[in-house]
Amino acid sequence: MAPAARAWRAGGAAARVPAASSSPRRGTERPESSAIVSSNLQWGGRFAAGPSAIMQAINASIGFDRKMWRQDIAGSLAHAAMLAHVGIISAEDEAAIREGLATIGKRIEAGEFPWDEGLEDIHMNIEARLTQAIGEAGKRLHTGRSRNDQVALDVRLWVRDAIDGLSGQVEDVMRALVARAGEHAGTVMPGFTHLQPAQPVTFGHHLLAYVEMLSRDLSRLRDCRARMNESPLGAAALAGTGFPIDRHMTAAALGFDGPTRNSLDSVASRDFAAEFLFCCAMCATHLSRFAEEVVIWTNPYFGFVRLSDAFTTGSSIMPQKRNPDAAELVRGKTGRITGALVGLLTVLKGLALTYFKDMQEDKEGIFDAAENLTLCLAAVAGMVRDMQPDVARLEAAAGAGFSTATDLADWLVRELRMPFRDAHHVTGRLVARAEAKGTDLAGLTLAEMQAEEPRITEGVFGVLTVQASVASRTSFGGTAPGNVSRMAAEWRERLA
């Protein structure tokens with residue numbers, strides 16, 4: 001990536017501003033008050049009158065696409081450098097463009113840039129201000145490109161940057177979960193199916209399940225980035241251009257693997273954006289499932305974990321309340337992220353080739369989904385590090401609901417060579433007997449067990465504790481504490 005283009009996309013003000021050129025500028029800065037009228041002069045002579053107020057309101061996107069200013073400047077820097085390299089513009093013009101864009105970037109960063117809704121979007125706002133500042137050289141910048149490939153480029157750059165940021169956050173949540181899983185590799189808790197007690201598991205094993213889910217989310221984000229990492233710049237409006245541009249040069253300058261291979265597809269396709277939104281929606285869904293568990297676990301009737309004041313709120317009327325609002329909001333925001341995916345797919349489904357103004361509707365959903373997933377990831381990472389499991393409560397709950405019944409059935413198969421289906425029936429009768437007696441399976445006497453199956457021995461009681469149950473689950477991927485400790489260590493190494 002060219003240094004100037006890389007700098008604009010990287011971050012802080014000092015890093016983003018390319019060095020000012022010492023070359024003289026063509027044209028002089030005109031006063032702000034004299035410049036840009038409300039009708040878009042970029043259209044030239046085709047339209048005699050300005051747009052109606054309604055048309056301007058529905059057409060303008062500068063209110064939201066200004067988020068892409070860094071990406072727009074990066075693309076223009078790369079394009080200008082290429083135009084100069086192939087001799088389409090002079091080195092003097094390229095230097096003036098570079099200096100002018102640097103100044104514009106500084107002003108946007110400082111909050112001093114005068115956005116003009118009459119110029120519709122980020123591209124025209126920057127180009128018009130550049131032309132106002134440096135004169136004729138600014139008018140030459142758009143040679144060999146169109147707003148169609150320009151916006152396709154900016155959105156790709158923005159999504160690519162968003163993926164990089166979100167990927168780092170996903171890894172942070174995974175690290176938080178792995179750390180807590182290592183602490184609680186042997187902490188017993190109830191495992192559920194249908195939200196009913198099923199079999200004992202360990203708290204660490206439960207947390208590592210979410211690490212696996214998030215690892216797939218991370219893989220999807222990386223795959224999405226790799227698939228979209230082609231530059232549409234130079235596809236122009238839809239058919240390419242007759243100018244001798246070097247699309248490979250601009251692609252390399254902007255960190256792409258290469259240019260897109262079909263000019264029509266370059267400007268018409270937003271499947272990379274839809275794929276990104278699916279990645280966001282799937283990741284948010286996983287976070288929402290965890291958030292739902294936090295809501296359940298913090299309920300006093302469960303009392304499995306406690307969150308501090310940092311991630312809970314109180315009630316305006318009930319002083320005893322401690323509401324898990326951070327978890328609830330993660331759960332709630334998942335709906336709007338999924339909605340952004342459905343919205344974009346709905347926009348795209350009826351569009352012939354190539355570009356239509358409908359595609360302007362891609363950006364707000366993308367921006368909103370990425371920003372809200374950023375919040376959700378931060379909230380979940382914080383809750384994981386903040387929550388305090390009640391180990392005694394978890395262990396007590398782990399034995400409820402005859403959760404060691406499967407261990408009893410397995411013992412009958414292992415020790416008495418009983419077919420599993422027969423062992424299942426015998427265990428079911430023993431559960432019914434214990435339930436009638438008001439005890440758990442371990443509370444039955446040997447005589448009571450032998451009334452259902454005479455071959456049962458005292459050895460059966462060794463498998464009926466929750467500790468024995470989890471310890472026995474040593475198959476690969478099972479909940480045995482040793483397994484959990486090893487898997488947590490493996491994840492720590494992978495995430496290091």
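Here are a few things to note about the model shown:
- Extension gain for Ala239-Ala451 works out to 67.9 nm (0.36 nm per residue, less the C-alpha to C-alpha distance).
- Convex hull per residue volume in Å³, alpha carbons only, for region 401-464: 68 Å³
- Globularity ratio of region 61-143, using Cα Rg and 2.2 N^0.38 Å: 1.03
- Alpha-carbon centroids, region 440-496 and region 122-192: separation in whole Å: 47 Å
- Surface composition of the chain: carbon plus sulfur atoms contribute 55% of the solvent-accessible area (1.4 Å probe, protein chains only, all chains present).
- Surface accessible to a 1.4 Å probe, per residue, for the residues of the chain, Å²: 45 Å²
- The gain in end-to-end length when the Ser472 to His425 segment is fully stretched comes to 14.7 nm, 0.36 nm per residue minus the alpha carbon separation.
- Computed over region 401-464: relative contact order in percent, which uses C-alpha pairs under 8 Å that are six or more apart: 39 percent
- A simple spin-label model places pseudo-atoms 7 Å from Cα toward Cβ; at Asn323 and His194 they are separated by 3.3 nm.
- Using a Förster distance of 25 Å, the FRET efficiency for Arg261-Asp164 (Cβ separation, nearest 0.05): 0.55
- Our helix-only sum for the chain, with -39,500 (n - 2.57) per DSSP H run of n ≥ 4 divided by its residues, gives a mean residue ellipticity at 222 nm of -19000 deg cm²/dmol.
- Reach of Lys357 by Cα under 25 Å, taken over lysines that are not fewer than 8 positions away in the same chain: Lys67, Lys139, Lys349
- Accessible area, probe 1.4 Å, largest first, for residues Lys106, Lys333, Lys363: Lys106, Lys333, Lys363
- Pairwise label distance in nanometres, Lys106 with Asp271, each label 7 Å out on the Cα-Cβ vector: 4.4 nm
- Relative packing of peptides 257-269, 280-292, 109-121 - highest average C-beta neighbours within 10 Å first: 280-292, 257-269, 109-121
- Scaled to the globular estimate 2.2 N^0.38 Å, the Cα spread of region 263-421, given as radius of gyration, is 1.54.
- Whole-number percent relative contact order across region 315-425, with pairs defined as alpha carbons under 8 Å at least 6 apart: 21 percent
- Net charge dipole size for region 61-143 [Lys, Arg +1 and Asp, Glu -1 on Cβ; Debye, nearest 20]: 200 debye
- Taking only the Cα atoms of region 148-396, the ratio Rg/Rh comes out at 1.10, with Rh defined as the Kirkwood radius.
- Span from the region 67-108 Cα centroid across to the region 225-257 one, whole angstrom: 16 Å
- Based on Cα contacts under 8 Å between residues 6+ apart, region 61-143 shows a relative contact order of 40 percent.
- Within the chain: Cβ-based charge dipole about Cα centre, in debye rounded to nearest 20 (Lys, Arg +1; Asp, Glu -1): 440 debye
- Volume of the Cα convex hull of the chain, divided per residue and given in Å³: 203 Å³
- Gained length - Glu493 relative to Ala436, 0.36 nm times residue gap less alpha-carbon distance: 15.5 nm
The values are calculated or read from the model by the stated rules, or taken from the named source; none is laboratory data. Every value quoted in this text rests on a predicted model; they were computed, and no experiment measured them. Neighbour counts run over all protein chains shown; Cβ positions are idealised from the backbone, glycine included. We work out accessible area using only protein heavy atoms, side chains counted, and drop any ligands, DNA or RNA first. Shrake-Rupley method; radii C 1.70, N 1.55, O 1.52, S 1.80 Å.
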